[in-house]
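*Asks:* Here it is, the structure, as structure tokens.
Throughout, read-outs are computed from the coordinates displayed, never taken from laboratory work. Quantities reported herein were computed from a predicted structural model and do not represent experimental measurements. Backbone-built Cβ (ideal geometry, glycine too); neighbour counts: all protein chains shown.
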Number of protein chains: 2
Amino acid sequence: MPIPLLATVDPENLPIVLSGVLLSLVVIYLASKLGAEVAKNFDFPPVLGELVAGVIVGVSALHLIVFPEAGLSASDSGIMTVLQLINHLSPAAVTTIFESQSEVISVLAELGVIILLFEIGLESDLRQLKEVGIQAVVVACVGVAVPFVAGTAGLMIFFHTAAIPAVFAGAALTATSIGITSKVLSELGQLKSKEGQIIVGAAVIDDVLGIIVLAVVASLAKTGEIDVVNVIYLIVSATAFLLGSILLGGIFNKTFTAVVETLKTRGNIVIPAFTFAFFMAFLGNAIHLEAILGAFAAGLVLDESDTRNELDELVKPIADLLVPIFFVTVGARADLGVLNPAVPDNRAGLLIAGFLILVAIIGKLVTGWVVFGVPGINRLAIGVGMIPRGEVGLVFAGIGSASGVLDKPLEVSIIIMVILTTFLAPPFLRIAFGDSVEPPAIEESSKVI
Amino acid sequence: MPIPLLATVDPENLPIVLSGVLLSLVVIYLASKLGAEVAKNFDFPPVLGELVAGVIVGVSALHLIVFPEAGLSASDSGIMTVLQLINHLSPAAVTTIFESQSEVISVLAELGVIILLFEIGLESDLRQLKEVGIQAVVVACVGVAVPFVAGTAGLMIFFHTAAIPAVFAGAALTATSIGITSKVLSELGQLKSKEGQIIVGAAVIDDVLGIIVLAVVASLAKTGEIDVVNVIYLIVSATAFLLGSILLGGIFNKTFTAVVETLKTRGNIVIPAFTFAFFMAFLGNAIHLEAILGAFAAGLVLDESDTRNELDELVKPIADLLVPIFFVTVGARADLGVLNPAVPDNRAGLLIAGFLILVAIIGKLVTGWVVFGVPGINRLAIGVGMIPRGEVGLVFAGIGSASGVLDKPLEVSIIIMVILTTFLAPPFLRIAFGDSVEPPAIEESSKVI
């Protein structure tokens with residue numbers, strides 16, 4: 001939906017655009033921290049709080065962070081109202097500045113998700129897979145296939161959704177959040193249990209599969225139709241890109257370590273690492289996959305390098321600063337108004353959300369029963385552990401919405417699905433582990449209310 | 001110089017804008033690191049190398065990083081040529097994408113300089129001033145007043161420059177670079193000497209004075225004339241803003257520490273610190289001063305907090321990632337073509353550059369001779385130590401150019417002045433200290449060629 005506008009590129013407006021960006025960032029940071037802390041207090045993952053806080057400051061409620069794609073104008077933006085008060089702007093300047101600052105915030109959010117997936121890549125560990133072995137692979141594949149097929153088919157059959165949005169929504173059901181899952185497991189003291197190992201291993205593979213699925217689906221969305229040759233090209237190129245970068249990664253790792261050791265000025269680790277991550281992200285985009293796939297591959301590669309621990313520490317504050325922009329803006333873009341059941345048109349959206357949640361839960365629960373050769377394993381715990389969708393599900397919603405593939409009810413349904421699966425997983429996981437494993441006395445008892 | 005253009009805000013273009021931003025960042029990082037390392041190898045400050053590397057990738061040479069303000073179109077941009085090859089864009093889309101990605105890079109550069117001055121604020125230390133006492137204050141004030149008056153008057157009298165550009169260029173001669181000066185001093189093992197203490201103390205005050213001068217001058221540039229009431233308003237508001245934030249800082253410090261201790265989620269230090277820094281930067285802009293003044297004040301305030309050391313470590317990688325964007329783009333915007341003596345119009349520019357360099361050196365050298373009450377002090381070393389201009393001088397050039405106050409010859413003259421004073425200071429400082437103080441044996445001998 002291109003909106004043609006007479007935009008004036010005026011260097012004098014740059015300080016005002018900067019003001020708008022600074023004020024938006026202040027609002028985003030306040031919302032993200034408040035949301036994260038409230039969620040943490042209620043024992044939910046902080047990322048969930050950031051998302052909900054985004055909904056509150058966004059188009060659904062306070063109208064502080066809004067974007068022109070939604071058909072909103074500058075007068076709908078709280079930030080622009082403040083800038084207007086301070087600077088006495090002409091109506092034309094207001095429109096241009098609103099467009100510009102929204103675009104800058106959008107790109108910052110994109111850089112945020114690129115850095116998030118770079119960090120997830122750094123946290124993922126290929127060697128961990130070998131230990132949990134074939135079990136994790138089976139759980140991951142079933143946990144991707146079942147929700148994807150059931151979700152896509154269900155949407156097309158029961159809701160008469162068009163193929164591409166149905167595939168996109170089905171794909172959004174696939175990826176388990178490694179961040180949320182591993183955090184919840186460690187809070188329960190189950191990270192080192194057999195179940196915990198399988199869940200984390202499967203979540204790692206799931207992440208890779210989910211990103212390949214995302215790349216495939218997002219590219220399909222771009223071409224507008226399901227083109228088998230294109231699907232094969234994408235699967236091959238995504239696999240080749242990931243495997244190729246991991247295989248070449250062995251060589252690059254040594255180069256990277258050598259470069260880092262040669263450099264004597266500030267940023268000797270950060271700059272080479274992000275040059276690589278941004279170049280891989282650019283490459284992912286350039287071969288018509290996704291920038292985040294490149295960033296994830298870059299993270300996997302550098303995870304093997306000698307400077308890995310140092311790099312982890314340096315990436316953290318950068319991620320802390322940029323990643324919340326992504327989560328808050330995803331929430332801010334979601335118009336929960338479409339879920340108001342008083343409006344007849346919205347009822348379909350609510351039904352879809354209910355269906356997606358059902359598929360999301362059942363599609364992952366079944367994975368526990370495909371585990372074989374491990375007697376006495378807690379199958380329920382594994383299934384429940386795979387439920388939270390988190391970051392990657394939101395990436396689907398964000399990209400689907402930005403590319404215009406998802407209509408509002410479907411986008412919001414996905415976000416509601418992500419929120420609910422993430423909400424439900426921590427208490428469910430606690431119940432699933434129940435008496436079968438000794439809880440770590442001190443940590444656990446202090447958390448029981 | 002507003003350039004009206006029919007811009008199309010098209011969500012489908014966002015991935016391509018992102019590609020452009022990612023590729024620009026890769027070029028900027030490669031240039032900055034190569035430049036910094038080469039400079040370091042020749043024993044010059046790394047920042048100088050980043051600037052020169054910017055000149056090489058910018059409008060003067062490779063045309064990789066160029067900006068539309070210079071009257072260049074998308075076809076002049078190396079990055080856009082690559083994007084065009086990959087994506088088969090329409091001419092209208094090319095123009096829009098070029099504008100958008102240039103604007104994002106410009107805002108990222110602005111965020112870079114905001115973070116740089118936040119970091120300089122964190123590094124500055126109000127208590128240090130008390131130790132070096134009145135000497136540092138006198139050196140700083142003379143070192144600001146003499147180059148400012150001599151530079152402004154000289155430009156108006158000898159070169160018939162208009163009042164506002166002359167004041168701007170004079171102002172660019174004032175601020176000593178605390179980063180470069182203190183780094184050079186520590187390399188010479190002179191940071192703890194009496195001369196070193198006075199230089200660093202004076203450079204700290206100089207930084208504050210320079211930023212007040214910049215705020216005053218930049219605001220003058222906005223209104224277009226020298227309005228005495230406005231000057232007084234600005235001096236009062238800049239002083240009140242800085243002193244007010246420092247005084248209120250005592251209270252805010254405790255609040256900040258309390259907030260940091262309360263927060264339990266990731267980014268518990270980074271997010272509150274940058275929320276404060278960005279809010280202060282916004283406030284600096286909002287009261288019609290400069291964003292960097294707010295960021296510097298925020299740094300001074302948080303410098304006093306209990307979490308200061310931790311914060312320093314967390315800000316470093318963020319600064320390493322964003323600050324080079326500022327230096328490289330400053331270099332990239334500078335069109336050294338105007339200094340080609342074969343073009344008759346350019347000869348005035350070269351004469352101006354020579355004059356500015358002369359004033360820049362002599363105006364700071366004299367400061368050594370105003371020191372009183374310290375018998376046997378090395379006056380030459382103090383004077384030479386104040387010579388490097390570095391960051392703040394470049395900030396003047398960048399803001400002057402962006403706001404259209406400085407014409408190209410004057411802008412380039414300032415950049416040449418900054419480059420040369422920074423180039424000359426390290427060898428001169430070594431000569432000035434000469435035999436008067438024992439050099440630190442190991443470090444020094446390994447550096448002598």
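*Asks:* Using unit Cβ charges (K, R positive; D, E negative) and no other charged atoms, how large, in debye to the nearest 20, is the dipole of region A:11-108 about its Cα centre?
*Replies:* Working: 2 positive and 8 negative charges, 39 e Å.
The calculated dipole for region A:11-108 is roughly 180 debye.
*Asks:* May I have the convex hull volume per residue, in Å³, for the Cα set of region A:11-108? Intermediate results must be reported in sequence, preceding the final value.
*Replies:* Details: hull volume 9.0 nm³, N = 98.
Taking only Cα atoms, region A:11-108 has a hull volume of 92 Å³ per residue.
*Asks:* Tell me, what is the FRET efficiency for B:LEU358 and B:ASP407 to the nearest 0.05, using R0 = 25 angstrom and their Cβ-Cβ distance as r? Don't skip to the end; give the middle numbers.
*Replies:* Values: r = 20 Å, r/R0 = 0.82.
That gives a FRET efficiency of 0.75.
*Asks:* Between B:ALA348 and B:SER75, what length comes free when the chain is fully extended (0.36 nm per residue of separation minus the Cα-Cα distance, one decimal in nm)?
*Replies:* Numbers: separation 273, 0.36 × 273 = 98.28 nm, distance 3.09 nm.
Here the answer is 95.2 nm.
*Asks:* Run the numbers for B:GLU313 and B:ALA145: contour at 0.36 nm per residue of separation, minus the present Cα-Cα distance, in nm. Walk me through the numbers before you get to the answer.
*Replies:* Numbers: separation 168, 0.36 × 168 = 60.48 nm, distance 3.54 nm.
Extending this stretch completely gives an extra 56.9 nm.
*Asks:* Hey, rough spin-label estimate for A:LEU34 and A:LEU424, points 7 angstrom out along Cα→Cβ, what's it come to in nanometres?
*Replies:* So the two model labels end up 2.9 nm from each other.
*Asks:* While we're on this one: How large, in Å, is region A:347-425 by the Kirkwood hydrodynamic radius built from its alpha-carbon pairs?
*Replies:* Taking every pair of different Cα atoms in region A:347-425, averaging 1/r and inverting gives 13.5 Å.
*Asks:* Can you give the FRET efficiency for B:ILE232 and B:LEU62, using 1/(1 + (r/R0)^6), R0 = 56 Å, r = Cβ-Cβ distance, to the nearest 0.05?
*Replies:* Working: r = 46 Å, r/R0 = 0.83.
My answer for the efficiency is 0.75.
*Asks:* Relative to the other copies, what are the label-point distances for A:HIS63, with labels 7 Å from Cα along the C-beta vector, expressed in nm at one decimal and sorted shortest first?
*Replies:* The answer, with the shortest distance listed first, is 4.7 nm.
*Asks:* Once you keep just the Cα pairs under 8 angstrom separated by 6 or more residues, what percentage relative contact order results for region B:11-108? Can you show the working numbers first?
*Replies:* Numbers: 102 pairs, mean separation 27.5, N = 98.
Result for region B:11-108 is 28 percent.
*Asks:* Counting other beta carbons within 10 Å of each Cβ, put B:VAL395, A:VAL392 in order, fewest first. Present the calculation step by step, with values, prior to reporting the outcome.
*Replies:* Values: B:VAL395 23, A:VAL392 28.
Placing the least packed residue first, the sequence is B:VAL395, A:VAL392.
*Asks:* Starting with the fewest neighbours, write out A:THR422, B:THR81 ranked by other beta-carbon atoms found within 10 Å of each beta-carbon. Walk me through the intermediate numbers first.
*Replies:* Details: A:THR422 26, B:THR81 14.
Exposure proxy ranking, most exposed first: B:THR81, A:THR422.
*Asks:* Neighbouring Cβ atoms within 10 Å as the yardstick, rank A:MET80, B:MET386 fewest first. Spell out each step's value before the answer.
*Replies:* Numbers: A:MET80 22, B:MET386 31.
By the 10 Å Cβ count, ascending: A:MET80, B:MET386.
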